[in-house]
Amino acid sequence: MEFDFLPLTASLDENSSRVLMIYTGGTIGMEQDPTTGYLVPFSFERMLSRLPDLLDMGITLDLLVARQPIDSSNVSPADWITLAQTIKQYFEQYHAFVVLHGTDTMAYTASAMSYLLEGLSKPIVFTGAQLPISLRRSDGKENLMTALEIAVAREHNKPILQEVALYFGGKLIRGNRSKKVESNLFDAFQSENYPLLAEAGVQINFNTSALLRFKHTEFKVYDKLETSIALLKIYPGINERQCRSLFEDSFYKAVLMETYGAGNTPTSLWFSACLQGYIKEGGIVLNVSQCPGGRVIQGKYATSKHLLDLGVVSGNDMTTESALSKLMFVLANSESKMKAIQMLGENLRGELSSFYPEKSFA
Ligand code: ASP
């Protein structure tokens, strides 16, 4: 993904907030192709004509527009690295960043960004829309304007938000706790296992105690992700042939397993044998739940005790989106398998609730 720089507002006085808006694509900037009828990205200049208030907010606003805006279904880990590096390039010049992104994979990109950008002291707010901004009933305008207001909100001369978050339909959600749960209604995202960071109604109310605080560590931007990872959803009827083809393929450095309830799977001998062989050969299996609420507790049921014994790593209460990008991140940026496994269990960016000890059910 390549970007073109476009100054939007003339620089205001030195004290005004400077925001860089990064447009990657998504429904917010789409319109219907008159010949095919499909929704496709259109030029951002046309989108701006729908937002006259944008230039009138008292902030210095610049824009980076993707040369080829994408439907976020086409986003790749390579794009995540480009986005992180782009933010790094402009980090010192701006107080805050607003990223316009398609909703389909926004939770994945926001999660990945939370890992790639370490030691954040400034807001990175993702937003988008369910209906193109070119349409009268679009939710895009509210999402974009509120995302900007959140990005520039300050207290004691510091940004209130100091992490990667996603604003949509009145809710501000930690990026690596977000999940798209709705493709029709405007209330499209949910926060999994963590309170909202803010709610926007008549006022924007921040949930101060839920926000991550800058720890005065060095700002570091990573540029590596390991992509030879598979995602396996457990379902009734999952078969040996499918599992063997996955677990016997040494291409995969890790398998993210989406299990039932509190982390349960079938206990068939062939299934355990698949896991055992794969882990013995050096693979990592990370266990997250298919349930949007609750967490993995390996050993709570007999149907997860074998996972504990085999060395499957608990994903605790992480979302699938977050666990996937965390796996990519830790595998590419840790010196050993042991270190990678240790990092998977640690709370790196507020993505898991570290206060639960394994087996706390007793
Ligand atoms: N398919 C679109 C995308 O993710 C959906 C959206 O933006 O709402 O780019």
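The values are calculated or read from the model by the stated rules, or taken from the named source; none is laboratory data. Model, not experiment: these values are computed from the prediction. As a convention, Cβ positions derive from the backbone with ideal geometry for all residues, glycine included, and neighbour counts pool all protein chains shown. For accessibility, only protein heavy atoms count, side chains too; no ligands or nucleic acids. Shrake-Rupley method; radii C 1.70, N 1.55, O 1.52, S 1.80 Å.
To the nearest ten degrees, helix 77-90 and the longest principal axis of the Cα atoms of the chain are 40 degrees apart. Phi-derived couplings, Karplus 6.51 cos²θ - 1.76 cosθ + 1.60 at θ = phi - 60°, listed residue by residue for region 148-164: 5, 4, 5, 4, 9, 5, 10, 9, 6, 6, 10, x, 5, 9, 10, 7, 8 Hz, with x used for Gly and Pro. For region 250-267, 3J(HN,Hα) computed residue by residue from phi via the Karplus equation (6.51, -1.76, 1.60; θ = phi - 60°) reads 6, 4, 7, 7, 8, 10, 8, 10, 8, 9, 7, x, 8, x, 9, 9, x, 10 Hz, glycine and proline entered as x.
Across q = 0.13, 0.23 Å⁻¹, region 247-362 modelled as identical point scatterers on its alpha-carbon atoms has Debye log10 I(q)/I(0) values of -0.45, -1.45, in the order of the q list.
Applying 1/(1 + (r/R0)^6) with r as the Cβ-Cβ distance of MET338 and THR227 and R0 = 22 angstrom yields a FRET efficiency of 0.55. For region 18-65, the Kirkwood radius over C-alpha pairs fed into Stokes-Einstein at 10 °C and 1.306 mPa s yields D = 132 µm² per second. In this structure the amide hydrogen of LEU256, modeled in the peptide plane, comes within under 5 Å of the amide hydrogens of ALA230, LEU231, LEU232, LEU286, none closer than 5 places in sequence on its chain.
When the solvent-accessible area of region 26-122 is split by element, carbon and sulfur atoms take up 47 percent of it, the probe being 1.4 Å. Here the extension length gained between SER353 and TYR90 equals 91.5 nm, from 0.36 nm per residue of separation less the Cα-Cα distance.
Phi angles across region 316-326 convert, under the Karplus curve 6.51 cos²θ - 1.76 cosθ + 1.60 with θ = phi - 60°, into 3J(HN,Hα) values of 6, 10, 6, 6, 4, 4, 6, 5, 5, 6, 5 Hz, Gly and Pro given as x. Within the chain, the percentage of alpha carbon pairs spaced more than 37 angstrom apart rounds to 22%. Comparing ASN157, ASN347, ASN316 in a Gaussian network model of the chain (Cα springs below 10 Å), the most mobile by mean-square fluctuation is ASN157. Of the solvent-accessible surface of region 187-325, computed with a 1.4 Å probe and all protein chains present, 51% belongs to carbon and sulfur. Could you tell me how many degrees, from 0 to 90 and to the nearest 10, lie between the Cα long axis of helix 269-280 and the main elongation axis, the longest principal axis, of the Cα atoms of the chain? Helix 269-280 sits at roughly 70 degrees to that axis.
The residues of region 66-207 expose on average 38 square angstrom of accessible surface per residue, using a 1.4 Å probe on protein heavy atoms.
Trypsin sites (Lys or Arg not before Pro), restricted to region 131-196: which are DSSP loop and have at most 10 other Cβ atoms within 10 Å? Hits after loop and neighbour filter: ARG136, ARG137. Once the Cβ-Cβ distance of TYR301 and TRP270 is raised to the sixth power relative to R0 = 22 Å, the FRET efficiency obtained is 0.65. Taking the square roots of five times each eigenvalue of the Cα gyration tensor of region 58-199, the equivalent ellipsoid has semi-axes of 21, 18, 16 Å, listed largest first. Rounded to the nearest 5, the antiparallel percentage of DSSP beta bridges internal to region 160-299 is 55%. In terms of Cα to Cα distance under 17 Å, which lysines are near enough to LYS305, apart from those fewer than 8 places away along the same chain? LYS305 reaches LYS359.
On the basis of the beta-carbon distance and an R0 of 51 Å, SER245 and SER16 show a calculated FRET efficiency of 0.35.
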